[in-house]
1. Of the residues B:A110, B:A124, which single one is under 28 Å from B:A66 (Cβ atoms) and hydrophobic (A, V, I, L, M, F, W, C)?
2. If a residue must be assigned to a helix (DSSP H, G or I) and open to solvent by 20 Å² or more (accessible area, probe 1.4 Å), how many such residues does the stretch B:57-95 contain?
3. Looking only at the stretch A:21-54, filter to residues that are facing chain B (nearest Cβ under 7 Å) and either at pLDDT below 80 or touching a Gly at 6+ places or on another chain (Cβ under 8 Å) (or both); which one of those is farthest from B:L431 (Cα to Cα)?
4. What pairs can you find where one residue is in the stretch A:1-17 and under 13 Å from A:E32 (Cα atoms), the other is of a type in the set (K, R) and in a helix (DSSP H, G or I), and their Cβ atoms are less than 8 Å apart, with a gap of 6+ or different chains?
5. Given the options A:V66, A:V82, A:V72, name the one that is modelled with pLDDT of 95 or more and more than 7 Å from chain B (Cβ to nearest Cβ).
6. Looking at the stretch B:372-388, can you tell me whether even one residue there is outside any helix (DSSP H, G or I), in contact with a helix residue (DSSP H, G or I) (Cβ under 7 Å, 6 or more places away or on another chain) and either open to solvent by 10 Å² or more (accessible area, probe 1.4 Å) or farther than 21 Å from B:K188 by Cβ (or both)?
7. Consider only pairs whose beta carbons are under 7 Å apart and that are at least six residues apart or on different chains; among these, list those whose first residue lies in the stretch B:328-352 and is within 19 Å of B:S314 (Cα to Cα) and of a type in the set (D, E) and whose second residue is in a helix (DSSP H, G or I) and modelled with pLDDT of 95 or more.
8. Take the residues in the stretch B:312-321 that are open to solvent by less than 10 Å² (accessible area, probe 1.4 Å) and not in a loop (DSSP other than H, G, I, E, B); name whichever of them is farthest from the other protein chains (Cβ to nearest Cβ).
Amino acid sequence: MKITITDESLDYLAALSRLSVPEGERETLKRELQSLLDYMELLDALPETELQIQGQGRETLRGDEVTPSYPVEAITLNGAAVRGGAFQVPQTVE
Amino acid sequence: MTTALEIGQRLQNGELCAEELLSESLSRVKALDKDLNSVVGLYEEQAFEQARAAQKRLDQKQPLSALDGVPTGLKDLLCALGQRSAAGSKMLGSFVSPYDASAVAKLRAAGAVMPLRLNMDEFAMGSTTETSFFGQTKNPWDLARVPGGSSGGSAAAVAAGLVPYALGSDTGGSIRQPASHCGVTGFKPSYGAVSRYGLIAYASSLDQIGPIAPSARDCAAVLDLISGADPHDATSSGLAAPTLPALGGDLKGLRIGLPEECFGDGVEHAVRERVLAVAEALKGLGASVERFRLGGLEYAVPTYYIIACAEASSNLSRFDGVKYGHRAANAPDLSSLYVNSRTEGFGPEVRKRILLGTFVLSSGYYDAYYLKAVKAQARIRQSYESAFARFDLILTPVAPSTAPRLGESLSDPLKMYLSDIFTVSVNLAGLPALSVPAGLDESRLPVGAQLIGRRFDDKTVLRAGDAFQRATSFHSLTPPIHGGARHAS
């Protein structure tokens, strides 16, 4: 599957990623992403298989029990804007 | 190089004092790290408190573990209570962790003294420790070269004798490759052996915490302290440990396979020769060694980068400038706050991997990239399963070459990714693997050999590494900068 990274596709990916692409980095980024995607075409040579897809873990879920958590002060300590035990963000509702 | 366990023993014998040992460690940091830049955080006051408490226990002959009172360093990816835990990133440059990672809590409970936070590639994305926001770390064997990565600070600090052992993490080789480039021993445990709780996530299905130390025996001791099931990580289990009691004796009856494709073109001559010499040494210890074809290795690097970047794009979506981390100034609305904070907070390599991960998960490309990679991962696992029906261990180089020069890798990212060829498949299959020093090349740079084992058979990997190190002295070689020290000479 041949993919070409264009300015439009880069902007679309950036929007999905909640990032912007600094103008000075645009051409390098396009070139590097293109080179990596071209390399990933190696997987096209993989024979179609019936292989079972598995997760890595042998997951053990803990019991659904209430346990003590961290105090609000500890959790909000690293917020850049905190007021009244809550994180502040720009106004979202008119 | 004196091992961490030997230092622990000297503390228990009263030949060393925990506070003096810490002072010596800090003196070495001050003398050597201006050249290395392996340390990104120094917690002297906390560490002296820990050392004083350790010495009290040692005086009362009540040590908490064989490593009680021994100084250690933490990769900057591990959260530690009250320490800036920045993941080598501007994004977390002012983040002070309100809690301990489970592995850190376990080390604390074992009496570890933790003065240092160690440099790394930003969010563990890199193989050279050059992408850190806090500057590049240099290789103690040659300051013009990289230490490897992403746990380059941990490997350089141990090689230079700043601390007797350190914790790193390994998503695609990030413990084993820097250990190899710095001439120390590094162990990536089976996926699930050590809880990932408190390890700032890169690719959750591949990340694993492990030790970097002078010897395989040290690695076993540290693994036994930090491993086990943890209710905070559903993938953790107690299946890997204990390993230390399994060490000792020869390797009679052990079957070791050498994959043909790991010794062909593209591997430096000195690397091939040194690793084949390791195979001979293992044979001399009673193991049988046979060449074979592993199969599927050609898919490992693209598979790894698709899966790792996909998971990274999801994991790093939590950094939004609101709850913690860098927050852009003067954002007019919530969307701008997210975009500006992330763009300013992440470095170029991290942003590139997020974009790549977003692409392979996006509508229209998911099947062609992500799903195909997950199928390739199953194929790689199947190759290892077939191999482990014939062999107990697999021996390969850690990397095709010794440490590259600074700046050489970042100018050609694809080449840098390809240098992970021998390590990434181990993470894709969730296996344990050890990097042991195997001697020096003609430029006096360390070469590392990798021993890979069955899932949760960590003890066999460590047993073989320990037997090799009892029969050889490559792990005792120190870089010129080391110069000798009481606890690390």
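1. Working: B:A124 fails: under 28 Å from B:A66 (Cβ atoms).
B:A110 is the lone residue from the list that is under 28 Å from B:A66 (Cβ atoms) and hydrophobic (A, V, I, L, M, F, W, C).
2. First, pick out the residues of the stretch B:57-95 that are assigned to a helix (DSSP H, G or I): B:57-59.
Then keep just the ones that are open to solvent by 20 Å² or more (accessible area, probe 1.4 Å); that gives B:57, B:59.
The total comes to 2.
3. Within the stretch A:21-54, the subset facing chain B (nearest Cβ under 7 Å) is A:25, A:29, A:32-33, A:35-36, A:39-40, A:42-43, A:46, A:49, A:51-54.
Among the residues that remain, those that are also either at pLDDT below 80 or touching a Gly at 6+ places or on another chain (Cβ under 8 Å) (or both) are: A:49, A:51-54.
Numbers: A:T49: 23, A:L51: 19, A:Q52: 18, A:I53: 17, A:Q54: 15 Å.
Out of the qualifying residues, it is A:T49.
4. Pairs found: A:I5/A:K30; A:T6/A:K30; A:L10/A:R26; A:L10/A:K30.
5. Working: A:V66 fails: modelled with pLDDT of 95 or more; A:V72 fails: modelled with pLDDT of 95 or more.
After ruling out the rest, the residue left standing is A:V82.
6. Taking the stretch B:372-388 as the starting set, the residues that turn out to be outside any helix (DSSP H, G or I) are none.
No, the conditions are met nowhere in the stretch B:372-388.
7. Pairs that qualify, where the first residue is within 19 Å of B:S314 (Cα to Cα) and of a type in the set (D, E) and the partner is in a helix (DSSP H, G or I) and modelled with pLDDT of 95 or more, are B:E349/B:E122.
8. Among those residues, the one meeting the criterion is B:A312.
The values are calculated or read from the model by the stated rules, or taken from the named source; none is laboratory data. Everything quoted here is computed from the prediction, not taken from an experiment. Positions of Cβ are backbone-derived with ideal geometry, glycine not excepted, and every protein chain shown enters the neighbour counts. All accessible areas refer to the heavy atoms of the entire protein, side chains included, with ligands and DNA or RNA removed. Shrake-Rupley method; radii C 1.70, N 1.55, O 1.52, S 1.80 Å.
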